[in-house]
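Beneath this line is the structure, given in structure tokens, with notes to follow.
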Amino acid sequence: ETEIVAAAIRGQLDQCAHLIRTFQSIFLASENVSQDEYALAYQNMQSNSVARISLQALAYAERRRMQDGDHFITTMFAPQAGNESIRELDVNSQPMNMRALLRSRDTGQVAMSEPFHLRQSGDGPDRGDGFILRLPVYAPGKIPATLEERRASIIGSIGASFRISELITQGIPGDPALLADLTVEDVSGGEPRRLYERQFGARGDQPPHRVELHFGDRTWRVVAHAKKGAAGQAGGMLVLWVGMLISALLAALTWSLVST
């Protein structure tokens with residue numbers, strides 16, 4: 001069953017990587033995307049009935065050549081309200097964000113940043129509760145096929161920023177019948193970093209069920225325990241529940257991006 005869950009997750013991830021490219025296509029189709037065109041693309045997403053689960057902003061950072069090398073300056077973003085602090089943001093000033101940008105530039109694929117503090121989140125307590133998906137924008141014309149061509153052709157980068165806690169919470173029922181607790185960790189660097197934790201009831205004697213999801217060069221691990229007294233159903237049903245939860249999380253991310 002775990003292998004089936006992993007295969008389903010892989011399919012969701014591949015779909016999400018495909019869908020984020022839809023927003024990238026407005027840049028591939030035009031040599032000079034205006035702020036109005038950018039805003040229109042976002043408004044089209046807003047008019048869609050699909051909710052923007054945890055999506056904070058869709059931002060475009062323009063490549064600018066300076067004396068000390070390339071900088072990526074945020075020139076367009078939506079929505080405007082609540083995101084004024086990222087206007088003219090230099091992505092180079094955010095190392096975790098910048099590392100994702102460079103990975104996506106070099107591979108041409110979606111890259112997920114390490115969890116970090118989103119500037120528009122202010123000085124609240126959840127300072128590590130954000131992440132950004134990055135996708136490069138290359139100059140219109142032939143799609144670059146080599147590392148050298150990609151580095152030479154990049155003109156900017158699209159960033160979609162999310163709140164981790166909101167993304168995960170959206171996929172969890174208010175009072176799951178079988179689940180005692182849930183933990184989500186980022187294990188990309190070897191040492192687990194806790195992203196989310198929630199308790200629903202007392203644990204039973206069954207060992208925890210673990211599932212890893214891989215996306216954008218990072219790995220998140222979901223760990224769940226069955227509730228005490230759920231022994232007859234806990235084994236297979238917990239595997240199924242966690243698989244459904246991860247699919248829901250990935251679907252939330254996917255549908256946040258699909259209408260762009």
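Local charge for residue 111 was computed over the other residues whose Cβ lies under 10 Å away, with Lys and Arg +1 and Asp and Glu -1, and equals +3.
Listed values for region 138-143 are Karplus-derived 3J(HN,Hα) couplings in whole Hz (6.51 cos²θ - 1.76 cosθ + 1.60, θ = phi - 60°), namely 9, 4, x, x, 5, 5, and x replaces Gly and Pro.
Amide H contacts of residue 195 (H built 1.01 Å from N, in plane; Pro and chain starts excluded): 184, 185, 186 sit under 5 Å, all sequence-distant by 5 or more or on other chains. Residue-wise HN-Hα couplings along region 113-120, as the Karplus relation 6.51 cos²θ - 1.76 cosθ + 1.60 with θ = phi - 60° gives them from phi, are 6, 5, x, 7, 7, 6, 4, 6 Hz; Gly and Pro carry x.
Couplings 3J(HN,Hα) for region 195-205, derived from phi with the Karplus relation 6.51 cos²θ - 1.76 cosθ + 1.60 (θ = phi - 60°), are 9, 7, 8, 8, 10, 10, x, 6, 6, x, 8 Hz, where x marks Gly and Pro.
Quick note: the coordinates plus some simple rules give every number you see, no bench work behind them. If you're wondering where the values come from, they're calculated on a predicted model, not measured in any experiment. Neighbour counts run over all protein chains shown; Cβ positions are idealised from the backbone, glycine included.
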